[in-house]
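Worksheet: one structure, shown below.
The values are calculated or read from the model by the stated rules, or taken from the named source; none is laboratory data. All figures in this text were calculated on a predicted structure; none of them were measured in a lab. Using ideal geometry, Cβ is built from the backbone for each residue, glycine included, and neighbour counts are taken over all protein chains shown. Heavy atoms of the whole protein, side chains included, go into the accessibility calculation; ligands, DNA and RNA do not. Shrake-Rupley method; radii C 1.70, N 1.55, O 1.52, S 1.80 Å.
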Amino acid sequence: MTTPALLPLSGRRLPPLNLGASAFPHHRATLRLSEKFILLLILSAFITLCFGAFFFLPDSSKHKRFDLGLEDVLIPHVDTSKGGKNLGGFLIHGQGHDEHRHREEEERLRNKIRADHEKALEEAKEKLKKSRDEIQAEIQTEKNKVVQELKKKDSKPLPPVPLPNLIGINSGEPADPDIREKRNKIKEMMKHAWDNYRQYGWGHNELKPIARKGHSTNIFGNSQMGATIVDALDTLYIMGLHDEFREGQEWIDKNLDFSVNSEVSVFEVNIRFIGGLLAAYYLSGQEVFKIKAVQLAGKLLPAFNTPTGIPWAMVNLKSGVGRNWGWASAGSSILAEFGTLHMEFVHLSYLTGDPVYYNKVMHIRKLLQKMDRPNGLYPNYLNPRTGRWGQHHTSVGGLGDSFYEYLLKAWLMSDKMDMEARKMYDDAIEAIEKHLIRKSNGGLTFIGEWKNGHLERKMGHLTCFAGGMFALGADGSRDDKAGHYLQLGAEIAHTCHESYDRTTLKLGPEAFKFDGGVEAVAVRQNEKYYILRPEVIETYWYMWRFTHDPKYRQWGWEATQAIDKYCRVSGGFSGVKDVYSSSPTYDDVQQSFFLAETLKYLYLLFSNDDLLPLDNWVFNTEAHPLPVLHLANTTLSGNPAYR
Ligand code: DMJ
């Protein structure tokens, strides 16, 4: 049965509804939404018409109902004995009136259906009249809406937690004009480093200041994650470079995406990105940093899926597949890498109320506590499959360094409540002092490296951070040896200063020896470089805070001038390949830690102590300040992470 209402009312025929892949072969995916929309439109027109047509179908039941109704009304007036005809007039009259009403009703319905149908067809035709660009624009808008919705879902505000004491975040202006001038000079250097990165490397991980383009290394994976932006944020903030801070925040908000098929170093991403984001959050209060830190942390968690729970060194942010560095002893994970997660992960649990992060790092700690340690020393390598040590190599420099630092800082960050961490630190430092720390013939205290029962009399630039660590750990040390540890810190600071002072450029080499008449000097050509590292300046700053001996500011200023003279180029700052050469060549890399650490520690060295006071802030190993979680002013005891 056909109904006239189903035929097109206008003479124009609809063009074929081919908006799919064959219509726009390049936009197969993007047309799907529009196609669905049109089909839906036509379907709804069809349903409307069918619904309307329903009233015109010769439906006997309906007619019967009408008849019955009429009969019901007419029965009292029908004199059957006289035959219907006599009453026919009455009947005809009654039927005629009703038929008229009926016809009117039908007409009204038909008009309505016609109007609806025309409207639906007009809309469909309008849609089809749109150009490809217009359709694409509509689709893009729809897509954006979906993305925004997803984003909103992803960035749901985290449960509010009481913030720890956030004091001393924008003060520290020195009264002495000379010190103020020096501090301003350091701020100017920061601006030079940032502005050039902004101009030539924006969004890349680091900058090549001579080639004037972006730079990256495998620690950041293969995607542009803006490492310099994230690492530099808190330095910008404390220096009062707020426009630059906002630029960085905007980039992070719009571009920092962790759903990338990229294999990154768990350690580096933790200390630079999570540490940097958390510090930026605490300093500025901007939620975006906290949200990004939590998102990123979620991407690192699969790295812990190993038979022992000791994480892989690297993880693919998209697939979650982890593995270790090819060069590491017997497939091992590295002590300084899996042992440098604690501070950030405790803060993540604190801010989210989710104990998962805390549990991961506590599991590592418990496992280490149970293991035998040769001579009380922690080897640098641990196999995450077997839970056994790899090569017996112990270092307070590369591969070991920040593990010890984080034991001490876990205790400090817990408002000195985490006694387990303090004990592990004290035990480790005692073993280090006994087996690794020596005095050279010339009276320089140095920290060597333990390799299979043998002490290598060589110290790395990285090891120089330990001077600051000893000073920081002096208060609260076992047997009240605070004076001893402060003295040890001062001796290491002195040795490291010598390693700078004995070079042509007055910048320290990567590693230096205490052997065969050589003291605090690099011997091998491939250990003579300086890559803008912070550790020596970091120790000067801690020593300054604890002693206020002016020599630390003097040494810090020497380093500032040397960096400005030999590492500054018009496109930023570069490392140098040989600190003993009067005509050094550049390595053409502006490391992100130069902005995060080196310039920050210099700035703090020339600021008053009320800028980021050490009673309230603990610096992670990338110099990102995280607040002490005082039990008194937080809900730590009620936080599931701490139960
Ligand atoms: C920084 O990334 C961190 O300080 C890390 O702990 C080791 N060293 C580099 C800078 O030298």
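Taking the Cα atoms of the stretch 189-348, what is the range of coordinates along each of the three principal axes, in descending order and whole Å?
Ordered largest first, the stretch 189-348 gives principal extents of 47, 36, 25 Å.
Given C-alpha coordinates of the stretch 177-627, what is the ratio Rg to Rh with the Kirkwood estimate of Rh?
Working: Rg = 20.5 Å, Rh = 21.9 Å.
Ratio of gyration radius to Kirkwood radius for the stretch 177-627: 0.93.
Using only the alpha carbons of the stretch 390-511, determine the length spanned along each of the three principal axes and report them from longest to shortest in whole angstroms.
46, 32, 23
Roughly how big is the stretch 177-627's charge dipole about its Cα centre, with Cβ charges of +1 (Lys, Arg) and -1 (Asp, Glu), in debye to the nearest 20?
Numbers: 50 positive and 54 negative charges, 168 e Å.
Value, rounded to 20: 800 debye.
On a straight-distance basis, which aspartates and glutamates could pair with Lys416 in a cross-link, Cα separation under 20 angstrom, same-chain partners fewer than 8 positions away excluded?
Glu344, Glu405, Asp426, Asp427, Glu430, Asp475, Asp479, Asp480, Asp615
Compute the length gained on full extension between Asn305 and Ala115: take 0.36 nm times their separation in residues and subtract their Cα-Cα distance, giving the result in nm to one decimal. Don't skip to the answer; put the middle values down first.
Values: separation 190, 0.36 × 190 = 68.40 nm, distance 6.43 nm.
In short, 62.0 nm is gained.
Label points 7 Å out from Cα along the Cβ direction at Lys125 and Arg388: separation in nm?
8.3 nm
For Met419 and Ser171, what does the FRET efficiency come to when R0 = 41 Å and r is the distance between their Cβ atoms, rounded to the nearest 0.05? Spell out each step's value before the answer.
Numbers: r = 32 Å, r/R0 = 0.79.
Working from the Cβ atoms, E equals 0.80.
Counting only residues 5 or more places away or on other chains, whose amide H sits under 5 Å from the amide H of Ala522 once H atoms are built in the peptide plane?
Lys513
Put +1 on the Cβ of every Lys and Arg and -1 on every Asp and Glu Cβ in the stretch 244-284; which of Leu277, Asn261, Gly248 then has its Cα farthest towards the positive end of the dipole?
Comparing the listed Cα positions along the dipole, Leu277 ranks first.
For the pairs Lys370/Lys481; Lys208/Lys360; Lys423/Lys513; Lys185/Lys254; Lys366/Lys451, note any where the Cα-Cα span goes beyond 29 Å.
On the way: Lys370/Lys481 27 Å; Lys208/Lys360 37 Å; Lys423/Lys513 31 Å; Lys185/Lys254 32 Å; Lys366/Lys451 25 Å.
Violating the 29 Å Cα-Cα cut-off are Lys208/Lys360; Lys423/Lys513; Lys185/Lys254.
How large is log10 I(q)/I(0) at q = 0.15, 0.21, 0.25, 0.26 Å⁻¹ when the Debye formula is applied to the Cα atoms of the stretch 238-293, each weighted equally and without solvent?
Summing over Cα pairs of the stretch 238-293 leads to -0.45, -0.85, -1.11, -1.16.
Could you run the Karplus curve 6.51 cos²θ - 1.76 cosθ + 1.60 with θ = phi - 60° over the stretch 367-384 and give me ³J(HN,Hα) per residue in whole Hz, x for Gly and Pro?
Ordered by residue, 3J(HN,Hα) equals 5, 5, 4, 7, 7, 6, 10, x, 6, x, 9, 8, x, 6, 10, 9, 7, x Hz.
Around Asp578, which amide H atoms from residues at least 5 apart in sequence, or from another chain, sit under 5 Å from its own amide H, with H modelled in the peptide plane?
Those qualifying (amide H under 5 Å, at least 5 residues apart or on another chain) are Tyr530, Thr585.
Determine the sum of side-chain charges near Leu233: Lys and Arg each +1, Asp and Glu each -1, restricted to other residues whose C-beta is under 14 angstrom from that of Leu233. Kindly include the intermediate steps, with their values, before the conclusion.
Details: positive: Arg198, Arg246, Arg272, Lys290, Lys292, Lys600; negative: Asp231, Asp234, Asp243, Glu244, Glu247, Glu250, Asp253, Glu597, Glu622.
That works out to -3.
Just to confirm a number: summing +1 for Lys and Arg and -1 for Asp and Glu over residues other than Lys416 whose beta-carbon lies under 14 angstrom from that of Lys416, what do you get? Intermediate results must be reported in sequence, preceding the final value.
Numbers: positive: Lys409, Arg422, Lys423, Arg478; negative: Asp415, Asp418, Glu420, Asp426, Asp475, Asp615.
Net charge around Lys416: -2.
Using a 10 Å cut-off on Cβ atoms, rank the peptides 593-603, 256-266, 100-110, 340-350 from the highest mean neighbour count down. Show your work: numbers first, answer last.
Working: 593-603: 27.7, 256-266: 18.3, 100-110: 11.4, 340-350: 25.7.
Descending mean neighbour count gives 593-603, 340-350, 256-266, 100-110.
What is the percent carbon and sulfur in the accessible area of the stretch 420-474, measuring with a 1.4 Å probe over the protein chains and ignoring ligands?
Details: 850 of 1780 Å².
Here carbon and sulfur together make up 48 percent of the probe-accessible area.
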